[in-house]
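Before any comments, here is the structure.
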Amino acid sequence: GYTLPFSDPLASNRTYDRAWTVLPSKVANIECGRMKPVTLLSWMNRLFDTHFNLAPGLKACLADFIDDGCDLGQVYGYLRPWWPGIRRVKEFDTLPAAMRKRKQEDYDLRSAAVTGNRIIDSHIPPRRVWDLYANRVLPFHALTPGTTLQGEPCLPLNLLAVSHSWLAASDRQSVLTTINGKAWHVPISRETTLSDIRNELLILGAEYVFLDVLCLRQRDELRPEAEGIRKREWRLDIPTFGYVYNESVGSVFKPIIVYFNGLGIPFRDGPVDPNDRFHWFNRVWTLQETPQMNIIVGG
């Protein structure tokens, strides 16, 4: 089940004891492009512990993922917020339209946030998040919408942010991974792997996380043709991604998972070396990410 690592003011109205399946990477990587809908359905029934039959609406829904060339991790990630709430197979008839509506709403929100060269709304959720259970980076619109507190929308309660200081270039490697669809090379420490980082984040109680190296398009020297896409995204993403670090639930600020010695690097107890320019406490940028200092220590 999932346990929130902070007090939830809506606890009386929400249930979190969901026994989600955490996909092993080899399962998440299974390609669905050549599957038949009945085969994909058998996987979903197994993962969600359901017994739906292949009714026309469900068949059409699954066929869309197959036609898009998704892998099993992506399908599981996209369907996870919706599938457990479906009680009758007939409800799948309207699911594709509901998902398209969420996608359009997300597009409209981002489009309306920029006028000319000016950001007019800084309360913009991250463009992508890492679904730790599906082990896939998904667009934000794939998540369950956030709740509303005192008339103000908030981010989903099960979305946490990760703060870390970057290491020296000589201590980093660039990794091409299916987690983000191989959209760009991910810079991480040579001392760790994305699998190790995922495992620890799961142990810390996270379900969805915003991790910049995976969710914010990076400069990719090995793919210069993608620079145009990065610049277009960064026009909005860089000025607004701080919102995910400063989100509160009522009067309680959600905690930030902090790696003080570098992403995935073991925590080193003891005084901070003022000459270590890569330590979290010596970086002004990272200090801005945790104004309330409500921290879960990583590493």
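The values are calculated or read from the model by the stated rules, or taken from the named source; none is laboratory data. Treat the numbers as computed from the prediction; the structure is a model and nothing was measured. Glycine gets a Cβ as well: all are built from the backbone with ideal geometry, and neighbour counts include every protein chain shown. Side chains included, ligands, DNA and RNA excluded: accessible areas come from the protein's heavy atoms. Shrake-Rupley method; radii C 1.70, N 1.55, O 1.52, S 1.80 Å.
Would you check if there is a residue in the range 271-285 being open to solvent by 10 Å² or more (accessible area, probe 1.4 Å), touching a strand residue (DSSP E or B) at 6+ places or on another chain (Cβ under 8 Å), of a type in the set (S, T, N, Q) and at pLDDT below 95? Quick ask: steps written out before the conclusion?
Start the filter on the range 271-285 by keeping residues that are open to solvent by 10 Å² or more (accessible area, probe 1.4 Å), which leaves 271-279, 281-285.
This time we only want the ones that are touching a strand residue (DSSP E or B) at 6+ places or on another chain (Cβ under 8 Å), so: none.
No, the range 271-285 has no match at all.
Out of the residues in the range 219-275 that are acidic (D, E) and within 17 Å of the chain's Cα centre (by Cα), which is farthest from T177 (Cα to Cα)?
Once the filter is applied, the top-ranked residue is E247.
Confirm whether A206 is among the hydrophobic types (A, V, I, L, M, F, W, C) and open to solvent by 60 Å² or more (accessible area, probe 1.4 Å).
No.
Take the residues in the range 97-145 that are polar (S, T, N, Q) and over 28 Å from T178 (Cβ atoms); name whichever of them is modelled with the highest pLDDT.
Only one residue tops the list, namely S111.
Between a first residue in the range 194-223 that is under 16 Å from H164 (Cα atoms) and a second residue that is of a type in the set (K, R) and part of a helix (DSSP H, G or I), which pairs have beta carbons less than 8 Å apart while being 6 or more apart in sequence or on different chains?
Q218/R230
Of everything in the range 64-82 that's in a loop (DSSP other than H, G, I, E, B) and hydrophobic (A, V, I, L, M, F, W, C), which residue is farthest from W43 (Cα to Cα)?
W82
Give the number of residues within the range 83-120 that are in a loop (DSSP other than H, G, I, E, B) and touching a residue at least 40 places away in the same chain (Cβ under 8 Å).
Summing the residues that are in a loop (DSSP other than H, G, I, E, B) and touching a residue at least 40 places away in the same chain (Cβ under 8 Å) in the range 83-120 gives 1.
Can you confirm whether V162 is closer than 20 Å to E207 by Cα and of a type in the set (V, I, T)?
yes
If I ask for residues that are in a strand (DSSP E or B) and buried (at least 19 other Cβ atoms within 10 Å of the Cβ), which ones from the range 160-175 would you list? Working first, answer last.
Just the residues of the range 160-175 that are in a strand (DSSP E or B), to begin with: 160-164, 172-175.
Hits for the range 160-175 are L160, A161, V162, S163, H164.
Quick test for you: out of N53, N45, N29, pick the one residue that is within 20 Å of the chain's Cα centre (by Cα), surrounded by fewer than 18 Cβ atoms within 10 Å (Cβ to Cβ) and modelled with pLDDT of 95 or more. Break it down stepwise before answering.
Numbers: N53 fails: within 20 Å of the chain's Cα centre (by Cα); N45 fails: within 20 Å of the chain's Cα centre (by Cα).
On inspection, the qualifying residue turns out to be N29.
Determine the pairs where a residue that is under 18 Å from F48 (Cα atoms), located within the range 67-79, has a partner that is of a type in the set (F, W, Y) with Cβ atoms under 6 Å apart, the partner being 6 or more residues away or on another chain.
These pairs meet every condition: V75/F65.
So is R87 surrounded by fewer than 16 Cβ atoms within 10 Å (Cβ to Cβ), at pLDDT 90 or above, out of contact with any Ser or Thr (no Cβ under 9 Å at 6 or more places or on another chain) and not hydrophobic (A, V, I, L, M, F, W, C) or not?
yes
Does the range 233-242 contain at least one residue that is modelled with pLDDT under 75 and in contact with an Asp or Glu (Cβ under 9 Å, 6 or more places away or on another chain)?
No: the range 233-242 contains no residue that is modelled with pLDDT under 75 and in contact with an Asp or Glu (Cβ under 9 Å, 6 or more places away or on another chain).
Based on what the data block shows, is P156 modelled with pLDDT under 90 and either outside any strand (DSSP E or B) or not β-branched (V, I, T) (or both)?
Answer is yes for this residue.
Please give the number of the condition K59 fails out of (1) at pLDDT below 95; (2) surrounded by 12 or more Cβ atoms within 10 Å (Cβ to Cβ).
Of (1) at pLDDT below 95; (2) surrounded by 12 or more Cβ atoms within 10 Å (Cβ to Cβ), only one is false for K59: (1).
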